[in-house]
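Accompanying notes for the structure given below.
The values are calculated or read from the model by the stated rules, or taken from the named source; none is laboratory data. All values reported here derive from a predicted model rather than from experimental measurement. Cβ placement follows ideal geometry from the backbone for every residue including glycine, while neighbour counts extend to all protein chains displayed. Heads up: the accessible areas ignore ligands, DNA and RNA and are worked out on the full protein's heavy atoms, side chains in. Shrake-Rupley method; radii C 1.70, N 1.55, O 1.52, S 1.80 Å.
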Amino acid sequence: MGDRVLKARKGCGRWAARLGVFTAALWIGAGALLVAQPAQAATGGCPGRLAVTLPFSTGEVRVYKTRDQACAVAVAGDPGRRRPMSVSIQPRGGYPVRDSGRFTRYAGPVTVHAIHRCVYVKGSVGTGSVDSGWILC
């Protein structure tokens, strides 16, 4: 009878060790998700790499590029108060895609398909604005 109790305790120890490893893995995974979120927030939701930054007096427009898409976000220089913001991106030979309204941090993201095409980007925050001309050619 003593052997049965000993075997049961060994089984519990293995189970508890596996549970401990599983719990640790969950905490590490949750920590990785928390660290990854601010990086996505910094891009304003645009996929790809930062290709161009267009600064102006009240903020900047960030343009991101993937293999087949271009994306733009207008970011306020001093976020917090609600004010008019807008951003638009237009592929050469296509129609512009816009986002505008009264925002606190950024306008956008706006995305267009731009495989081997230049894009024209405009953005504004409050009274300041910028216009890129044809870029990413």
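Rounded to two decimals, what ratio of Rg to Rh does the stretch 61-137 give with C-alpha atoms and a Kirkwood Rh?
On the way: Rg = 12.2 Å, Rh = 12.3 Å.
My calculation puts Rg/Rh at 0.99.
Hey, can you find the accessible area per residue of the stretch 68-110 for me, probe 1.4 Å, expressed in square angstrom?
Result: 54 Å² of accessible area for each residue.
So the label point goes 7 Å from the Cα of R81 along Cα→C-beta, right? Which residues of the stretch 110-137 then have their backbone N under 14 Å from it?
Correct set: 126-128.
Ratio of Rg to Rh for the stretch 68-112, alpha carbon only, Kirkwood? Provide the component values of the computation, followed by the final result.
Numbers: Rg = 11.5 Å, Rh = 10.9 Å.
Radius of gyration relative to Kirkwood radius: 1.05.
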